[in-house]
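Enquirer: Dropping a structure here in structure tokens format, bear with me for questions.
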Amino acid sequence: MATRPHGPFPADLEAAILELKEERNAVVLAHYYQESEVQDLADFVGDSLALAQAATRVDREVIAFCGVHFMAETAKILNPGRVVVVPDLAAGCSLADGCPPDAFRDFSAQHPDAKVVSYINTSAEIKAQSDLICTSSNAVKMVEYFAGEPIIFAPDRHLARWVEKEANRPDLIAWQATCIVHEQFSAKRLVQLKVKHPDAEVLAHPECDEVVLDEADFIASTKGIIARAVDSPAKTLIIATEDGVFHQIEQQAPDKQLIQAPAMDESCACNQCPYMRLNTLEKLYLCLRDLEPQVTLPEATRCAALVPLEKMLDLSA
Ligand code: 13P
Ligand code: SF4
């Protein structure tokens, strides 16, 4: 099997990437969980909803997507005529992996009257089986859209629990996957940290376990967490999400003290998503140079996935 050509890399990698971007007529979209140098080079940085919205406005031939696979796949669903490349095809997501299409079809078949609301952290095959997509920033609103109807909510069980509470829909039929990053936060150690920092505000992502969310002052998507951290009157913030968000907060509010929420295992770098962190500047350079790896998907799946995705975008406009 042919090996993919690698370096040598140009001495000024950032400048070479910017040059290649123009040569390829490419745009770089990045999620907040990317390394800060990747965020700084991107044309647009956002949460899952903002990135999907940005993908509808692309006017370049190539999208280099620095995030995880389901995000780049979403960009491809919306841009069938453009080339979508990623720095590393192995950048997956435990939530997307935790919801296999065949098993999900069997699950849904047990609830034939239910509407299917799927988190954007799913494969295109799951989106194709859904009535509506949601992200962490609009999940409550999307569930409310099907008021009075039975709803299957997939795949994040913690997000489902939070939405049940916020939307007053205790009857969601929830798939039981979890995020390997957000499920690591420890409520017990968070309480101890709050005692040490009584004036701190706790900001958390809704993928965290309920016991962690119960200790939070503010729960939102990554974009919402960044905005709140910047605007909050609190000088000290304890943040229960991937620590890639620190970069934007540090730039916009350099006076704030940012503390990572503690993980159950004191020794691990749990606040970093191992999938997101597979992407590097070197791999971004290579994917722009070689126009690979590309994200592709069967046209029938893409068309079926587009319907609930566009519906979410319309409802979120
Ligand atoms: P956001 O849409 O809040 O950025 O979340 C994406 C994600 O993967 C969180 O783990
Ligand atoms: Fe998936 Fe969790 Fe990584 Fe987000 S942080 S991409 S939900 S594994």
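The values are calculated or read from the model by the stated rules, or taken from the named source; none is laboratory data. Predicted model, so just to flag it, every value in this text is computed and none were measured. When we count neighbours, we look across all protein chains shown, and the Cβ atoms used for this are built from the backbone with ideal geometry, even at glycine. With ligands, DNA and RNA removed, areas are computed over all heavy atoms of the protein, side chains included. Shrake-Rupley method; radii C 1.70, N 1.55, O 1.52, S 1.80 Å.
Enquirer: Using Cα positions and a limit of under 13 Å, work out the aspartates and glutamates in reach of Lys188, with same-chain residues fewer than 8 apart set aside.
Expert: Asp209, Glu210, Asp214, Glu215, Asp265, Glu266
Enquirer: Could you point to the residue in Phe44, Ala16, Asn79 farthest towards the positive end of the chain's charge dipole, with +1 and -1 charges on the Cβ of Lys/Arg and Asp/Glu respectively?
Expert: Value: Asn79.
Enquirer: Kindly provide the helix-only [θ] at 222 nm of the chain, computed as the sum of -39,500 (n - 2.57) over DSSP H runs of four or more divided by all residues, to the nearest 500 deg cm²/dmol?
Expert: It lands at -11000 deg cm²/dmol.
Enquirer: For segment 110-154, what is the accessible area per residue in Å² when the probe is 1.4 Å? Show your work: numbers first, answer last.
Expert: Details: 1510 Å² over 45 residues.
In whole numbers, segment 110-154 has 33 Å² accessible per residue.
Enquirer: Sticking with this structure for a sec: Roughly how far apart, in whole Å, are the Cα centres of segment 88-136 and segment 153-228?
Expert: That distance is 21 Å.
Enquirer: Only four residue types carry charge here, +1 at the Cβ of Lys and Arg and -1 at the Cβ of Asp and Glu. Report the dipole size of segment 1-103 about the Cα centre in Debye, rounded to the nearest 20.
Expert: 360 debye
Enquirer: Tell me which aspartates and glutamates have Cα within less than 13 Å of Lys115's Cα, excluding those fewer than 8 residues away on the same chain?
Expert: Qualifying aspartates and glutamates at Cα under 13 Å: Asp131, Glu144, Glu149, Asp171.
Enquirer: Now, a different point. Pull up the DSSP beta bridges for the chain and report the antiparallel fraction as a percent, rounded to 5.
Expert: In the chain, DSSP labels about 5 percent of beta bridges as antiparallel.
Enquirer: Moving to a separate point now. When DSSP assigns beta bridges and you keep just the ones with both residues in segment 158-317, what percent turn out antiparallel, to the nearest 5?
Expert: Counting only bridges with both partners in segment 158-317, antiparallel ones make up about 10 percent.
Enquirer: Run the accessible area of segment 113-267 with a 1.4 Å probe and give the carbon-and-sulfur part as a rounded percent. Please list the in-between numbers first.
Expert: Working: 2910 of 6340 Å².
Answer for segment 113-267 is 46 percent, counting heavy atoms of protein chains only.
Enquirer: Same structure again: In segment 76-143, which trypsin sites (Lys or Arg not before Pro) fall in coil by DSSP and have 13 or fewer other Cβ atoms within 10 Å?
Expert: Answer by residue number: there is no such site.
Enquirer: Could you please report the charge total around Asn279, scoring K, R as +1 and D, E as -1 over all other residues with beta-carbon less than 14 angstrom from its beta-carbon?
Expert: -4
Enquirer: OK, next. Using Cα centres only, tell me the gap between segment 257-281 and segment 17-47 in whole Å.
Expert: After rounding, the separation between the Cα centres reads 21 Å.
Enquirer: Could I ask something else about it? Counting other Cβ atoms within 10 Å, keep those with at most 11, restrict to DSSP loop, and tell me which GluC sites (Glu not before Pro) in segment 246-313 are left. If you can, show how the numbers build up before the last one.
Expert: Working: sites: Glu250, Glu266, Glu282, Glu299, Glu310; in loops: Glu266.
Loop-located and lightly packed - Glu266.
Enquirer: A further question on this structure: Give the accessible surface of segment 1-71 per residue, rounded to a whole number of Å², with probe radius 1.4 Å and ligands, DNA and RNA excluded.
Expert: Values: 3300 Å² over 71 residues.
Ligands and nucleic acids excluded, the figure is 46 Å² per residue.
Enquirer: Something else now. Just to check, using Stokes-Einstein with a Kirkwood Rh over alpha carbon pairs, what's the diffusion coefficient of the chain at 10 °C and 1.306 mPa s in µm²/s?
Expert: Taking Rh from Cα pairs, D becomes 79 µm²/s.
Enquirer: Follow-up. At 1.4 Å probe size, with no ligands or nucleic acids counted, give the accessible surface of Lys165 in Å², nearest ten.
Expert: The accessible area comes out at roughly 120 Å².
Enquirer: Would you look at the GNM of the chain, springs on alpha carbons closer than 10 Å, and say which of Val117, Val195, Val230 moves the most?
Expert: Top of the fluctuation ranking is Val195.
Enquirer: Hey, got the dipole for the chain? About the Cα centre, +1 on K and R Cβ, -1 on D and E Cβ, debye to the nearest 20?
Expert: 240 debye
Enquirer: Right, another one. Compute the signed sum of charges (Lys and Arg +1, Asp and Glu -1) over the other residues within less than 13 Å, Cβ to Cβ, of Gly46.
Expert: 0
Enquirer: Among Ser186, Ser123, Ser232, which one shows the biggest mean-square fluctuation in a GNM of the chain, springs joining Cα atoms closer than 10 Å?
Expert: Ser232
Enquirer: Count the net charge of all other residues whose Cβ sits under 11 Å from the Cβ of Ser94, scoring Lys and Arg as +1 and Asp and Glu as -1. Walk me through the numbers before you get to the answer.
Expert: Working: positive: none; negative: Asp97, Asp156, Glu183, Glu207.
Around Ser94, the charge tally is -4.
Enquirer: Here is a further query. Kirkwood hydrodynamic radius, computed over distinct alpha-carbon pairs, for segment 79-233: how many Å, to one decimal?
Expert: Its Kirkwood hydrodynamic radius stands at 16.9 Å.
Enquirer: Put +1 on the Cβ of every Lys and Arg and -1 on every Asp and Glu Cβ in the chain; which of Cys179, Ala220, Val307 then has its Cα farthest towards the positive end of the dipole?
Expert: Val307
Enquirer: Could I ask something else about it? Projecting each Cα onto the charge dipole of the chain (Lys/Arg +1, Asp/Glu -1 at the beta carbon, about the Cα centre), which of Gln272, Tyr145, Leu95 comes out farthest on the positive side?
Expert: Comparing the listed Cα positions along the dipole, Tyr145 ranks first.
Enquirer: Also, quick follow-up: Springs between alpha-carbon pairs under 10 angstrom, Gaussian network model over the chain: which of Ala64, Ala261, Ala114 fluctuates most?
Expert: Ala114
Enquirer: Leaving ligands, DNA and RNA out of it, rank Ser94, Ser118 by accessible area with a 1.4 Å probe, largest first.
Expert: So the residues, ranked largest to smallest area, are Ser94, Ser118.
Enquirer: What's the magnitude of the charge dipole for segment 110-192 around its Cα centre, counting Lys and Arg as +1 and Asp and Glu as -1 at the beta-carbon? Answer in Debye, nearest 20.
Expert: 380 debye
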